[in-house]
Amino acid sequence: MSEGYTDVTMADSTHSQGQCCGPIRETLSRVGDKWSLLIISILSDAPLRFNELRRRIDGISQRMLTRTLRELERDGLVTRTVTPTTPPSVEYALNDLGRSLLEPVKALVTWTMANYPQISKSQQRFDKRLKSI
């Protein structure tokens, strides 16, 4: 174990990591996937109907949008409201929990925009190095 954590036994450390890793991994896989982040950021402005969301997200299929919205609703981040019209109108909105995710999402987007040139250069150097092998 690293210095500073010598008072924690390996069994206790493993047990607590095992208990928290599952929920953390599951939650991060949901909020960290590209479609969820895009949907959350787009819904930050206002509630939207399904087709409007689909038009705003380049490259997402109807099936993937439906699946992602269902998962976000299941996780308690998005609210689905059906208005009984003909045909029924369905609107999606961030709820309080979803809105609480906006600050970290915006921070991640800001970080990505600031660091993308450096990341892109690193990727190019790496790819060039692989080609020369």
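The values are calculated or read from the model by the stated rules, or taken from the named source; none is laboratory data. Note that the structure is a prediction, hence the values are computed from the model and not measured. Please note: Cβ atoms are built from the backbone with ideal geometry, for glycine as well, and neighbour counts cover all protein chains shown.
Structural remarks
- Sole residue being surrounded by 13 or more Cβ atoms within 10 Å (Cβ to Cβ) and in a helix (DSSP H, G or I), chosen from I119, I60, I24, I39: I39
- Residue check, L108 of a type in the set (A, V, I, L, M, F, W, C), part of a helix (DSSP H, G or I), within 22 Å of L28 (Cβ to Cβ) and modelled with pLDDT of 95 or more: no
- Out of T81, T68, T86, one residue alone is closer than 18 Å to I39 by Cβ, outside any helix (DSSP H, G or I) and of a type outside the set (G, A, S). It is T81.
- Qualifying residue in region 93-104 (condition: surrounded by 10 or more Cβ atoms within 10 Å (Cβ to Cβ), touching a Ser or Thr at 6+ places or on another chain (Cβ under 7 Å) and at pLDDT below 95): yes
- Among the numbered conditions (1) at pLDDT below 95; (2) assigned to a helix (DSSP H, G or I), the only one that T6 does not meet is (2).
- Residue in region 43-50 that is in a helix (DSSP H, G or I) and among the hydroxyl-bearing types (S, T, Y) present: no
- Here P47 clears all of (1) more than 15 Å from the chain's Cα centre (by Cα); (2) surrounded by fewer than 11 Cβ atoms within 10 Å (Cβ to Cβ) except the condition numbered (2).
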